[in-house]
Protein chains: 2
Amino acid sequence: MSATAPKQRLNIDNINPHVVEAKYAVRGELAVRSEEYRAKLARGDKDLPFDQVISANIGNPQQLDQKPITFFRQVLSLVENPLLLEKEDVLVNQLGYQTDVIERARWLLSKVGSVGAYSASAGVPAIKESVAKFIERRDGFPADPAKIYLSGGASSGVNTLLHVICANSKSGVLVPIPQYPLYTASLSVLDAQCVPYNLDEASGWSTDLDVIRASYQKAADAGTDVRALVVINPGNPTGASLPEDNIRAILDFAAEKNLVVMADEVYQTNVFEGRFYSFKQVLRQMQKDAPGKYDHMELASLHSVSKGMVGECGHRGGYFELVGFDPEVEAQIYKFVSITLCAPVVGQCVVELMVNPPKEGEPSHALYKKEYDGIFNGLKERAHALHRAFEQMEGVECGPPQGSMYLFPTIKLPAKAAEAAAKDGRTADELYCLRMLEATGICVVPGSGFGQKEGTLHFRTTFLAPGTEWTGRIVDFHKKFMDEFR
Amino acid sequence: MSATAPKQRLNIDNINPHVVEAKYAVRGELAVRSEEYRAKLARGDKDLPFDQVISANIGNPQQLDQKPITFFRQVLSLVENPLLLEKEDVLVNQLGYQTDVIERARWLLSKVGSVGAYSASAGVPAIKESVAKFIERRDGFPADPAKIYLSGGASSGVNTLLHVICANSKSGVLVPIPQYPLYTASLSVLDAQCVPYNLDEASGWSTDLDVIRASYQKAADAGTDVRALVVINPGNPTGASLPEDNIRAILDFAAEKNLVVMADEVYQTNVFEGRFYSFKQVLRQMQKDAPGKYDHMELASLHSVSKGMVGECGHRGGYFELVGFDPEVEAQIYKFVSITLCAPVVGQCVVELMVNPPKEGEPSHALYKKEYDGIFNGLKERAHALHRAFEQMEGVECGPPQGSMYLFPTIKLPAKAAEAAAKDGRTADELYCLRMLEATGICVVPGSGFGQKEGTLHFRTTFLAPGTEWTGRIVDFHKKFMDEFR
């Protein structure tokens, strides 16, 4: 080819710079490399120092052998193939389907039609009604089905909301640090400002209002039009559940500064310490207690079928509820979601099953409860086992497990590790996690992927992988790493 | 509330103006109103002059009683509930599942793991391999699984590609007029330039290269950085299939101007007249015939499970294949899709089934073929029935049905209709479609929702609704409308 031969139109220097700037380490370099190792092992390669890859980088329970809830999947098998309902006796007598499975499938089909048809843009109306009733039971305050939007996981809800909220490159959104990097990545793509506020590791990753206020003020002084405040509760990657007074203080601040509150509540059932308070409930209580004072507030709260004991990530189901939005703004949100037609309809069915699981006295309840409790207790046990392993590790500090699916320990690494990492163009936590993957097959995410207070290092790991043998592998690796760079 | 009471932060004047500008009529005002009518009828309301709402506004076959393909749904029932595979004898002997259904489900589960787990970001590797083999069989040229990205319908693929291609508000994309409004809506949201080129209605909505060239030049002269060219083939809303020489001319022009080609080929099996040529096949042939000349070209072709005889819109499955992209750009595309984790996994399974349906000699083949041919012939018959109805209508002109799921007739309306519409703040085609909905319950989309050559009016209707009685309703409505405004 001559020097003047035409080149491709697109290159890294001329495509969308905001996409290029976006960072998403949960599925970044290490995750890609771990998949290469997995493929190598599958081909029978014996070169690697481990015989299994453990993807602890992402909250993906069913990849790590968590069994789906039987009731959910039985119902889904019927909505996928409604012809099975013509053989009810076979389903009941030979396949062990309970009558409530069959009833729920019939009900869903009567409301959804075919799961192969697009639903209404914001989701199947009857499922939105079920979500509203679920929220009412949970919070003790009414919920309006018309304000509920079914989404493809919580991620697409976050994408929708940030698209509408951020008007230009001056628009800013307060985001906790550490955070699930969907927020910073989406803000990068939108060319809007992430206004970070640090969580307080020393007090169990709690939210410190003085810190939020200072972050807000610094951004506002620099000309950022701060419009919204994101809270992840229970926290990702931290696991912390916010106490009620903390939520009140945040809402009070948001009211004062006229900020839209985005409450990412996808881990609402993954709580080991304390209890979950929804932002919606606390807001409604505040509105009741001080009539007029909080009426102007806008809250969007998000939930998902991917987490909790449901763990149906691959089905891409979720919803968000809007509280207090201007109807003209809601109309724009509706239009935005309509452009991609609708959330996956089977995922919408999983939302229905999540918010309406078998009730006590119904035929499937006993098995459902056994499975649900088994998953909950298993997660809690493994969280504690992992925490005990961290307690044995030199230079590792980690508060007790509180919830969500993650631990986020601090790691204090020798100066030589930082030097070696810098030579490689990496941060010390990146080097640490890369070495861990190479030595053990365990894929975790460097703290830098979530943001961390300056001068600190962490990594995030799920506690989803079965067994406890793998935690020993981390302990061994850590010792060797520390010895190498001492 | 006093005049100084705080207001909501977000209003129509301060949210993202690019979202506000976006238009998506396929699910706009008329579609919303049609759903209100549907709900009214469901409540037993007798006030309306029709007893059924027909959603001819959107290609949503299974909403309009198209039955899903049995093989697909049987396999899906098993991947949703793998425990059923423990009762193979019941499946075969009492539920009529053929052995190839069971084999395919086992194969999918061995490759996917749980459909409740996130897959790899770009999709399940084994399904990407199946797609590559499908493309090879279709085109006679190799395809690389690593260049295939499974997506949530074709819509999310278009969103991904436009996000990466468009760098700033000067970036322009050539889009056919009329077009499926996903393109203009996405470009609005991205604040990039739509560079429209008119299709030629008189010659069956063909692509006229002189027109494309003139549109390109006009935009380039105005300072637009035209980067890509969209072709919808077979056309939406037009149904036209491009002949091979037309595709060659487009690719030649794209090579000359160094444009990325986006080939939206979701209707590739919905062809009644002529045959489908894929852009990939024609490009590979051109590269073979003139070595070096076209090597720099970038092509992205998109496909979906929503259309064709599959019609599984609600499952949100699709893929795009990249040809000739710079690896660094591909890495950014990969990162972008990873931010939303993965396409719905059941939708990915439907992609597998679409590209690998039962083969001749396999147990499920006869039924599959019968169902597939039945859907194809039904669509063709209904297209012609609708076309015959249009031929009876004064002032309506419509070329013979060519493919896709739509007809897009020209309507010549009396001047008084345009005046009445203008008083109402509408275009004449909007008024016409609104009146049709009010009179008949049939929801179609005004031509202005797709773009139309200045001075012309159209509407788009699917020919999916069963029966032909409803076409008579359109004929009656049309006569009354013309009489009213004469």
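The values are calculated or read from the model by the stated rules, or taken from the named source; none is laboratory data. All values derive from a computational prediction rather than experimental measurement. Methodologically, a virtual Cβ is constructed for each residue, glycine included, from the backbone with ideal geometry; neighbour enumeration extends over all protein chains shown. Surface areas here come from the heavy atoms of the whole protein model, side chains and all, with no ligands, DNA or RNA. Shrake-Rupley method; radii C 1.70, N 1.55, O 1.52, S 1.80 Å.
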Inset, instruction - Report whether or not B:Leu341 is on the phi > 0 side of the Ramachandran plot and either within 24 Å of the chain's Cα centre (by Cα) or of a type in the set (Asp, Glu) (or both). - result: yes
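Here is a check on your reading of the model: is A:Tyr319 in a strand (DSSP E or B), touching a residue at least 24 places away in the same chain (Cβ under 8 Å), hydroxyl-bearing (Ser, Thr, Tyr) and in contact with a helix residue (DSSP H, G or I) (Cβ under 8 Å, 6 or more places away or on another chain)? Write out each step before concluding.
On the way: in a strand (DSSP E or B): yes; touching a residue at least 24 places away in the same chain (Cβ under 8 Å): yes; hydroxyl-bearing (Ser, Thr, Tyr): yes; in contact with a helix residue (DSSP H, G or I) (Cβ under 8 Å, 6 or more places away or on another chain): yes.
Answer is yes for this residue.
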Inset, instruction - Output the number of the condition that B:Lys423 fails; it satisfies all remaining conditions of (1) open to solvent by 30 Å² or more (accessible area, probe 1.4 Å); (2) in contact (Cβ under 8 Å) with a residue 12 or more places away in the chain; (3) out of contact with any strand residue (DSSP E or B) (no Cβ under 7 Å at 6 or more places or on another chain). - result: (2)
Inset, instruction - Answer with yes or no whether B:Gly314 is crowded, with 20+ Cβ neighbours inside 10 Å, under 24 Å from A:Val115 (Cβ atoms) and either more than 9 Å from every other protein chain (Cβ to nearest Cβ) or among the acidic types (Asp, Glu) (or both). - result: no
Inset, instruction - Can you tell me which residue within segment B:83-109, out of those that are at the interface with another protein chain (Cβ under 8 Å from one of its Cβ atoms) and assigned to a helix (DSSP H, G or I), is surrounded by the most Cβ atoms within 10 Å (Cβ to Cβ)? - result: B:Leu84
Inset, instruction - Quick one: B:Gln66 ticks every box in (1) open to solvent by 80 Å² or more (accessible area, probe 1.4 Å); (2) not in a helix (DSSP H, G or I) except a single one, so which number is it? - result: (1)
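With the structure loaded, tell me whether B:Arg460 is over 19 Å from the mean Cα position of the chain (by Cα) and within 17 Å of B:Asn57 (Cα to Cα) or whether it fails that test.
Values: over 19 Å from the mean Cα position of the chain (by Cα): no; within 17 Å of B:Asn57 (Cα to Cα): yes.
When the stated conditions are applied, B:Arg460 does not pass them.
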Inset, instruction - Check B:Ser364, B:Ser306 and return the single one that is within 14 Å of chain A (Cβ to nearest Cβ) and either under 25 Å from A:Asn159 (Cα atoms) or modelled with pLDDT under 95 (or both). - result: B:Ser306
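Look through segment B:426-440, keep the residues that are touching a strand residue (DSSP E or B) at 6+ places or on another chain (Cβ under 7 Å) and under 23 Å from A:Ile339 (Cα atoms), and return whichever of them is surrounded by the most Cβ atoms within 10 Å (Cβ to Cβ). Even if it seems obvious, please write down each step before you answer.
The first filter runs over segment B:426-440 and keeps only residues touching a strand residue (DSSP E or B) at 6+ places or on another chain (Cβ under 7 Å), leaving B:427, B:429-430, B:432-433, B:436-437.
Next, only the ones that are under 23 Å from A:Ile339 (Cα atoms) stay: B:427, B:429-430, B:433, B:437.
Values: B:Thr427: 18, B:Asp429: 24, B:Glu430: 23, B:Cys433: 28, B:Leu437: 24.
Among residues in segment B:426-440 that are touching a strand residue (DSSP E or B) at 6+ places or on another chain (Cβ under 7 Å) and under 23 Å from A:Ile339 (Cα atoms), the one surrounded by the most Cβ atoms within 10 Å (Cβ to Cβ) is B:Cys433.
How many residues are at the interface with another protein chain (Cβ under 10 Å from one of its Cβ atoms) and under 24 Å from A:Ser77 (Cα atoms) if we restrict to segment B:317-340? Walk me through it before giving the result.
Here is the first cut: in segment B:317-340, the ones at the interface with another protein chain (Cβ under 10 Å from one of its Cβ atoms) are B:317, B:324-340.
With under 24 Å from A:Ser77 (Cα atoms) added as a condition, the list becomes B:317.
Total meeting the criteria: 1.
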Inset, instruction - Filter segment A:151-198 for residues that are aromatic (Phe, Trp, Tyr) and farther than 23 Å from A:Leu322 by Cα and give the result. - result: A:Tyr197
Inset, instruction - Might you let me know whether segment B:470-483 holds any residue that is within 19 Å of B:Gly59 (Cβ to Cβ) and of a type outside the set (Val, Ile, Thr)? - result: yes
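Only one of these is within 7 Å of chain B (Cβ to nearest Cβ), of a type in the set (A, V, I, L, M, F, W, C) and buried (at least 22 other Cβ atoms within 10 Å of the Cβ): A:Ala117, A:Ala154. Name it.
That would be A:Ala117, the only listed residue that is within 7 Å of chain B (Cβ to nearest Cβ), of a type in the set (A, V, I, L, M, F, W, C) and buried (at least 22 other Cβ atoms within 10 Å of the Cβ).
Looking for whichever is modelled with pLDDT under 90 and facing chain A (nearest Cβ under 9 Å) here; the options are B:Pro17, B:Pro61. Which one fits?
B:Pro61
Going through segment B:276-295 one residue at a time, which ones are within 18 Å of the chain's Cα centre (by Cα) and either closer than 19 Å to B:Gly318 by Cβ or open to solvent by 50 Å² or more (accessible area, probe 1.4 Å) (or both)? Break it down into steps so the answer makes sense when it comes.
Keep residues of segment B:276-295 that are within 18 Å of the chain's Cα centre (by Cα), which gives B:276-279.
Passing the criteria: B:Phe276, B:Ser278, B:Phe279.
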Legend entry - Candidate set: segment B:134-151, residues that are away from every other protein chain (no Cβ under 14 Å) and of a type in the set (A, V, I, L, M); chosen: the one nearest to A:Ile58 (Cα to Cα): B:Ile148
Inset, instruction - Inspect all residues belonging to segment A:399-411 and state whether any of them is over 21 Å from the mean Cα position of the chain (by Cα), touching a residue at least 60 places away in the same chain (Cβ under 8 Å), surrounded by 14 or more Cβ atoms within 10 Å (Cβ to Cβ) and outside any strand (DSSP E or B). - result: no
Legend entry - Only listed residue being at the interface with chain B (Cβ under 8 Å from one of its Cβ atoms) and either among the hydrophobic types (A, V, I, L, M, F, W, C) or without any contact (Cβ under 8 Å) to a residue 24 or more places away in the chain (or both), chosen from A:Leu259, A:Leu283: A:Leu259
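Per-residue answers, yes or no, for (1) closer than 24 Å to A:Tyr267 by Cα; (2) at pLDDT 95 or above; (3) open to solvent by less than 10 Å² (accessible area, probe 1.4 Å); (4) out of contact with any strand residue (DSSP E or B) (no Cβ under 8 Å at 6 or more places or on another chain):
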{"residue": "A:Val445", "(1), (2), (3), (4)": "yes, no, yes, no"}
{"residue": "A:Ser448", "(1), (2), (3), (4)": "yes, no, no, yes"}
{"residue": "A:Leu464", "(1), (2), (3), (4)": "yes, no, yes, yes"}
{"residue": "A:Phe485", "(1), (2), (3), (4)": "no, no, no, yes"}
Legend entry - Qualifying positions in segment B:262-275 - in contact with a helix residue (DSSP H, G or I) (Cβ under 8 Å, 6 or more places away or on another chain), open to solvent by less than 10 Å² (accessible area, probe 1.4 Å) and either within 14 Å of another protein chain (Cβ to nearest Cβ) or part of a loop (DSSP other than H, G, I, E, B) (or both): B:Met262, B:Glu265, B:Asn270
Legend entry - Top-ranked residue in segment A:250-261 [being open to solvent by less than 10 Å² (accessible area, probe 1.4 Å) and assigned to a helix (DSSP H, G or I); ranked as nearest to A:Arg460 (Cα to Cα)]: A:Ile250
Inset, instruction - Determine which single condition B:Ala143 fails, assuming it passes every other condition in (1) touching an Asp or Glu at 6+ places or on another chain (Cβ under 6 Å); (2) at positive phi. - result: (2)
Inset, instruction - Answer yes if at least one residue in segment A:322-344 is open to solvent by less than 10 Å² (accessible area, probe 1.4 Å), under 20 Å from A:Arg104 (Cα atoms) and at pLDDT 95 or above, and no otherwise. - result: no
Inset, instruction - Taking the options B:Gln74, B:Gln66, name whichever one is facing chain A (nearest Cβ under 7 Å) and either at negative phi or touching a strand residue (DSSP E or B) at 6+ places or on another chain (Cβ under 9 Å) (or both). - result: B:Gln74
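Being at pLDDT below 90, more than 9 Å from chain A (Cβ to nearest Cβ) and open to solvent by 20 Å² or more (accessible area, probe 1.4 Å) narrows it down to one residue among B:Ala25, B:Ala39; which is it?
Values: B:Ala39 fails: more than 9 Å from chain A (Cβ to nearest Cβ).
None of the others qualify; the one that does is B:Ala25.
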Legend entry - Within segment B:345-368, considering residues that are in a loop (DSSP other than H, G, I, E, B) and within 24 Å of B:Gln268 (Cβ to Cβ), the one most open to solvent (accessible area, probe 1.4 Å): B:Glu360
Inset, instruction - Filter segment B:120-133 for residues that are facing another protein chain (nearest Cβ under 9 Å) and either assigned to a loop (DSSP other than H, G, I, E, B) or in contact (Cβ under 8 Å) with a residue 24 or more places away in the chain (or both) and give the result. - result: B:Ala120, B:Ser121
